[in-house]
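For reference, the structure discussed in these notes is given below.
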Amino acid sequence: MKPLIGMHHVTAMTSSAEKIYEFFTYVLGLRLVKKTINQDDIQAYHLFFADDQGSAGTDMTFFDFPGNQKAVKGTNEIAKTGLRVKDDQSIFYWKKRFERLKVKHEEIKEIFKRKVIFFEDFDGQEYYLISDENIKGVKPGIPWKLGPIPNEYAIIGLGPIYFRVNDLNRMEDVLTKYLTFEKLDEDHNLSIYQTGEGGNGGSVIVEVTENGSQGYQGYGGVHHVAFGVKDKDDIDDWIKHLNHIGARHSGFVDRFYFKSLYTRLYPNILFEFATEGPGFIDDEEPYETLGELLALPPKFRGMRKDIEKLVRHIDTKRSDKTFKKEYEDEHK
C-alpha cells in the first residue's frame, strides 16, 4: 500500500453548533469553511473548521446530533485532537490567551521533545496544541488571513490524534501492519507513530490505560478520525487491501467534498480514508464567503426547503465583519 499521507480530518460531536462555532471562530481562530448537514442524518448540522482555504489535513468537523448524550471518557477511544502551531513561542501565546479567555487548560509540558498545551472546550472535548519547532514532515496549512489570531501564532493544521487504548499490541499491529505507520518512539505510557512524510501532521500518539473503563461516544467526544489519500484510485486500493485482510468496511462513499472509505480495525474506533480533493471551494461558495450559507451536496439540493425546516438557522456570516488581530501582550 502507498503510505497514508497523514491526518485528513477529525470529526467530533458537540452539544451546540452555535457554541462550537463561537469557540472555534473567536477563541481558536479557525475558519468555518463549510456549514452543511450530516449526509447520513440530515437533521444534524455538520460544521467544518479549517485553515484559510479549507486544506486537507487542517480541518476539524462537528456533528450536532439532536438529543445526543454526553460522551463517557475511558479507554479504546479517540481521546484527544492535536492542533499544530508554528513554534514554541506560539504555545506561550496560547497559554496567555487561554488564561485571559478562561479556557480550561493545563500547564505547558513536553512530549516527544515537542512543547504542548492541553485544553478543553465547553463540552469537555479534549484538545492540545503542539509546536512544529524543529519538526519536519507534512506541510502546514495557511493561517486564516482575516481571523482574530496573528498569523505567526495561528493554528495551521491537525497534529497527532491521541488514541487511548488498553491493548497496545493490538493497536500497534493495526497501525504498523495495516495502516502504513511506523513506530518512532515511546515515553512511559505513550507511543508515537508516523506515516508518509511524518511530522506532527503525519503522526498519531497512543496512550495506554490498561485498567480503564470503556469509553462511550457522545457530545464532547470524537466520532472518527480520517487519514489522507490522494484520489479515488487510492480508495479503491484500500478497499482491496481491507478485503484481503478480511476487514469489514463501508465500501466507497462519495461525500462530494471528498471521497471516503470507513472501517473499524480496532474495537470502538472508526477509521476513515479520505481523498485530498475536490475540497470546499465549489460551485455553491467562493473563497470569500466560505461557511456562510447552508451548503448542500448536489444530491440534497432538491430537498433544500425541507432540510431548512429541519435545521435551525445559525448566523455564520463573517464577510461583513473585521477581526482585529489579538496580541495577548496588549491585554496586560
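The values are calculated or read from the model by the stated rules, or taken from the named source; none is laboratory data. Since this is a predicted model, take the numbers as computed values, not measurements. All Cβ positions, even for glycine, are placed from backbone atoms using ideal geometry, and neighbour counts span all protein chains on display.
Key figures
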| item | result |
| --- | --- |
| Residue match in the stretch 293-306 (condition: crowded, with 16+ Cβ neighbours inside 10 Å, at pLDDT 95 or above, over 30 Å from PRO3 (Cα atoms) and of a type in the set (D, E, K, R)) | no |
| Criterion: among the β-branched types (Val, Ile, Thr) and closer than 27 Å to PRO66 by Cβ - qualifying residue of ILE239, ILE307, ILE245, ILE281 | ILE307 |
| Candidates THR81, THR36 - the one that is buried (at least 23 other Cβ atoms within 10 Å of the Cβ), assigned to a strand (DSSP E or B) and modelled with pLDDT of 95 or more | THR36 |
| Residue match in the stretch 177-192 (condition: crowded, with 21+ Cβ neighbours inside 10 Å, hydrophobic (A, V, I, L, M, F, W, C) and at negative phi) | yes |
| The lone exception for LYS259 - which of (1) in contact (Cβ under 8 Å) with a residue 60 or more places away in the chain; (2) surrounded by 17 or more Cβ atoms within 10 Å (Cβ to Cβ); (3) out of contact with any His (no Cβ under 8 Å at 6 or more places or on another chain); (4) of a type in the set (D, E, K, R) it fails | (1) |
| Answer residue from the stretch 84-119, given it is of a type in the set (Val, Ile, Thr) and in a strand (DSSP E or B) and is farthest from ALA154 (Cα to Cα) among those | ILE111 |
| Single unsatisfied condition, LEU47 versus (1) farther than 27 Å from LEU242 by Cβ; (2) out of contact with any helix residue (DSSP H, G or I) (no Cβ under 9 Å at 6 or more places or on another chain); (3) assigned to a strand (DSSP E or B); (4) not β-branched (Val, Ile, Thr) | (2) |
| Those residues of the stretch 149-166 which are assigned to a loop (DSSP other than H, G, I, E, B) and either basic (Lys, Arg) or surrounded by 16 or more Cβ atoms within 10 Å (Cβ to Cβ) (or both), in sequence order | ILE149, ALA154, ILE155, ILE156, GLY157, GLY159, PRO160, ASN166 |
| Single residue of the stretch 313-332 satisfying the filter (surrounded by 12 or more Cβ atoms within 10 Å (Cβ to Cβ) and not polar (S, T, N, Q)) that is farthest from PRO148 (Cα to Cα) | ILE314 |
| From the options PHE24, PHE48, PHE122, PHE112, residue that is in contact with a Ser or Thr (Cβ under 9 Å, 6 or more places away or on another chain), surrounded by 21 or more Cβ atoms within 10 Å (Cβ to Cβ) and modelled with pLDDT of 95 or more | PHE48 |
| Strands (runs of 3 or more DSSP E) fully within the stretch 185-239 counting 2 or more residues that are under 18 Å from LYS259 (Cα atoms) | 222-229 |
| Residue check for ASP282: free of Cβ contacts under 8 Å to residues at least 24 places away in the same chain, out of contact with any helix residue (DSSP H, G or I) (no Cβ under 9 Å at 6 or more places or on another chain) and surrounded by 13 or more Cβ atoms within 10 Å (Cβ to Cβ) | no |
